[in-house]
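Heads up: the structure comes next, in structure tokens.
The values are calculated or read from the model by the stated rules, or taken from the named source; none is laboratory data. This structure is a prediction, so every number in the text was calculated from the model and none was measured. When we count neighbours, we look across all protein chains shown, and the Cβ atoms used for this are built from the backbone with ideal geometry, even at glycine.
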Amino acid sequence: MTPDIAIATTGGVQTIRFARPSKKNALTGEMYAAMVAAIISADRDDQVGVHLFLGQPGVFTAGNDLADFMSRSTSGSSVLEGPVLDFLRLLPKVEKPMIAAVDGLAIGIGTTLLMHCDLVYATPTTRFQTPFLDLGLVPEAGSSLIGPRIMGHQRAFELLVLGEAFSAERAKNAGLINAIVESEALETTALDAAHRLAAKPRQAMLASRRLLRGDTAGLSAAIETEAAIFAERLSSNEAQLAFKAFFNRKS
């Protein structure tokens with residue numbers, strides 16, 4: 001486990017908090033592995049009814065830690081294996097409701113993860129963005145399928161392909177989030193909803209969620225297709241140049 005993911009359980013709610021503020025909560029392989037383990041464990045625990053994702057004030061997550069991601073992809077590991085894809089593959093299989101409380105940056109997986117959540121609350125200053133194309137890559141986490149389902153083709157294209165940043169108001173109008181909440185009330189609001197859900201008749205709640213989500217086989221297939229194309233794109237000249245430019249800007 002890693003200290004960069006803080007796991008706690010209270011009142012039937014498991015909280016999964018991104019806890020790497022010095023790096024804007026950028027996600028490493030170890031962080032993905034910790035989330036996978038926590039979700040699987042809580043899904044099997046009768047005392048847990050809800051998973052709640054949290055970040056830090058001003059930053060939910062800046063997405064993948066690209067240095068960590070590239071070191072894994074160039075060390076003989078494929079993007080089609082390991083903790084990142086383990087996490088993506090798990091999302092359609094999670095049995096219990098997922099809620100997110102989002103403040104500040106929600107970049108890449110910080111936005112596409114929300115498409116798998118059942119309830120999402122965000123602050124007025126939250127910014128949602130998926131710069132996949134800017135890196136010569138393609139959308140992930142099944143967002144190419146569920147993004148258009150949630151917000152329609154044009155808005156999904158704007159977010160996932162054009163890479164346009166969405167404000168909290170735009171995200172709410174697009175159906176990506178449920179409500180805009182002031183920062184001081186964000187976690188309280190999300191926890192209240194989580195505790196209300198966790199207190200409901202458990203099997204009826206789980207059955208209702210399955211009915212609303214429908215057959216997730218197509219979503220799992222989309223994640224596999226995206227990952228295969230993502231891996232191809234990662235070795236492309238376009239992606240290599242984009243990553244080189246990114247790291248040059250950081251240095």
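Things to note:
- Residue count for region 190-209, restricted to those that are out of contact with any Asp or Glu (no Cβ under 8 Å at 6 or more places or on another chain), more than 19 Å from Ala100 (Cα to Cα) and in a helix (DSSP H, G or I): 4
- Screening the candidates Phe18, Phe53, Phe60 for the property of being surrounded by 21 or more Cβ atoms within 10 Å (Cβ to Cβ), within 28 Å of Met205 (Cβ to Cβ) and touching a Cys at 6+ places or on another chain (Cβ under 8 Å) yields one hit, Phe53.
- The one condition in (1) outside any helix (DSSP H, G or I); (2) under 24 Å from Gly55 (Cα atoms) that Glu187 fails to fulfil: (1)
- So Glu158, is it charged (D, E, K, R), in a helix (DSSP H, G or I) and touching a strand residue (DSSP E or B) at 6+ places or on another chain (Cβ under 9 Å): yes
- Any hit, region 80-90, residues being closer than 21 Å to Thr2 by Cα, of a type in the set (Gly, Ala, Ser) and surrounded by fewer than 20 Cβ atoms within 10 Å (Cβ to Cβ): yes
- As a summary of the residue check, Gln47 satisfies the conditions (1) in contact (Cβ under 8 Å) with a residue 40 or more places away in the chain; (2) assigned to a loop (DSSP other than H, G, I, E, B) except for the one numbered (1).
- Taking first residues from region 124-136 that are in contact (Cβ under 8 Å) with a residue 60 or more places away in the chain and over 10 Å from Gly108 (Cβ atoms) and partners that are hydrophobic (A, V, I, L, M, F, W, C) and part of a strand (DSSP E or B), the Cβ contacts under 7 Å between residues at least 6 apart in sequence or on separate chains come to Thr126/Val102; Thr126/Ala106.
- Residue among Leu191, Leu212, Leu137, Leu219 that alone is farther than 30 Å from Gly58 by Cβ and buried (at least 19 other Cβ atoms within 10 Å of the Cβ): Leu219
- Only listed residue being under 29 Å from Asp43 (Cβ atoms), basic (Lys, Arg) and in contact (Cβ under 8 Å) with a residue 40 or more places away in the chain, chosen from Arg209, Arg196: Arg209
- Qualifying position, being farther than 24 Å from Val94 by Cα and at pLDDT 95 or above, among Leu113, Leu145, Leu162: Leu162
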